[in-house]
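Engineer: Before anything else, here's the structure in question.
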Amino acid sequence: MQIVISPWARTMRNGKANPKNYPYWKAVVEKLKKQDIHIIQIGRAGEKIIEGVGEMITDSPLEELERLIDKSDTWIAVDNFLQHLITSKPGVVIWALSDPLIFGYPQNTNILISRGWLKPRQFDIWEVEEFNPKAFPKPDQVVEEVMKLIKKGKDDKTNSIS
């Protein structure tokens with residue numbers, strides 16, 4: 001099995017941590033590796049590589065990213081470009097302060113632990129928001145949703161063959 005992760009949102013202009021960036025990637029990667037899943041991280045050159053990923057691919061053209069994800073079982077991202085690019089294969093999107101009812105897509109598994117954490121002005125600039133790790137779902141929930149998507153994908157393939 002293989003999944004793609006896109007762990008980071010754009011770099012903030014003020015140098016602060018982007019409040020969209022999931023703080024528990026290392027634990028998610030460890031748990032997925034125990035399920036014998038090969039993890040490919042995508043991103044830009046210079047971005048932090050999550051400890052334990054199988055490989056890192058940087059600065060790929062969008063067409064190559066689409067092909068990579070098409071060959072993978074699923075993908076995981078924070079609220080970043082990937083969910084807007086990949087509409088042909090469902091993935092898991094991790095939310096905290098931005099509203100998946102506004103910015104998400106219904107074919108994806110959108111994980112939000114509480115609407116109480118949503119920023120009040122959804123279209124305001126991100127530099128005014130503070131990073132808050134409490135606003136994010138725990139790693140077990142993310143891994144559980146990934147495994148459900150992988151199982152559903154395998155079931156769908158089996159059903160389409162029969």
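The values are calculated or read from the model by the stated rules, or taken from the named source; none is laboratory data. Values in this document were obtained by computation on a predicted structure and should not be read as measured data. Here the Cβ is made from the backbone with ideal geometry for all residues, glycine too, and neighbour counts use every protein chain on show.
Engineer: Got a sec? Which helices (runs of 4 or more DSSP H) wholly within the stretch 49-150 have at least 2 residues that are more than 26 Å from Gly15 (Cβ to Cβ)?
Structural biologist: On the way: elements: 62-71, 82-85, 100-103.
Output list reads 62-71, 100-103.
Engineer: Can you tell which of Arg44, Arg67 is surrounded by fewer than 19 Cβ atoms within 10 Å (Cβ to Cβ) and either in contact with a strand residue (DSSP E or B) (Cβ under 7 Å, 6 or more places away or on another chain) or under 25 Å from Glu127 (Cα atoms) (or both)?
Structural biologist: Working: Arg67 fails: either in contact with a strand residue (DSSP E or B) (Cβ under 7 Å, 6 or more places away or on another chain) or under 25 Å from Glu127 (Cα atoms) (or both).
Sole residue among the options that is surrounded by fewer than 19 Cβ atoms within 10 Å (Cβ to Cβ) and either in contact with a strand residue (DSSP E or B) (Cβ under 7 Å, 6 or more places away or on another chain) or under 25 Å from Glu127 (Cα atoms) (or both): Arg44.
Engineer: In the stretch 81-129, how many are within 24 Å of Gly153 (Cβ to Cβ), surrounded by fewer than 17 Cβ atoms within 10 Å (Cβ to Cβ) and β-branched (Val, Ile, Thr)?
Structural biologist: Going through the stretch 81-129 one residue at a time, the tally reaches 1.
Engineer: Right, something else. Would you mind stating whether Ala9 is at pLDDT below 95, under 23 Å from Asn132 (Cβ atoms) and within 13 Å of the chain's Cα centre (by Cα)? Step through it out loud before you land on a result.
Structural biologist: On the way: at pLDDT below 95: yes; under 23 Å from Asn132 (Cβ atoms): yes; within 13 Å of the chain's Cα centre (by Cα): yes.
Spelling it out, Ala9 is indeed at pLDDT below 95, under 23 Å from Asn132 (Cβ atoms) and within 13 Å of the chain's Cα centre (by Cα).
Engineer: Can you pull out every residue in the stretch 12-26 that is assigned to a helix (DSSP H, G or I) and either loosely packed, with under 15 Cβ neighbours inside 10 Å or modelled with pLDDT under 95 (or both)?
Structural biologist: Filtering the stretch 12-26 down to residues assigned to a helix (DSSP H, G or I) leaves 25-26.
Selection gives Lys26 alone.
Engineer: Check whether at least one residue in the stretch 27-41 is among the aliphatic types (A, V, I, L, M), surrounded by fewer than 17 Cβ atoms within 10 Å (Cβ to Cβ) and assigned to a loop (DSSP other than H, G, I, E, B), and report yes or no.
Structural biologist: no
Engineer: Go through Val4, Val78 for me and flag whichever is closer than 16 Å to Ala135 by Cβ, within 15 Å of the chain's Cα centre (by Cα) and buried (at least 20 other Cβ atoms within 10 Å of the Cβ).
Structural biologist: Details: Val4 fails: closer than 16 Å to Ala135 by Cβ.
Just one listed residue meets the conditions, Val78.
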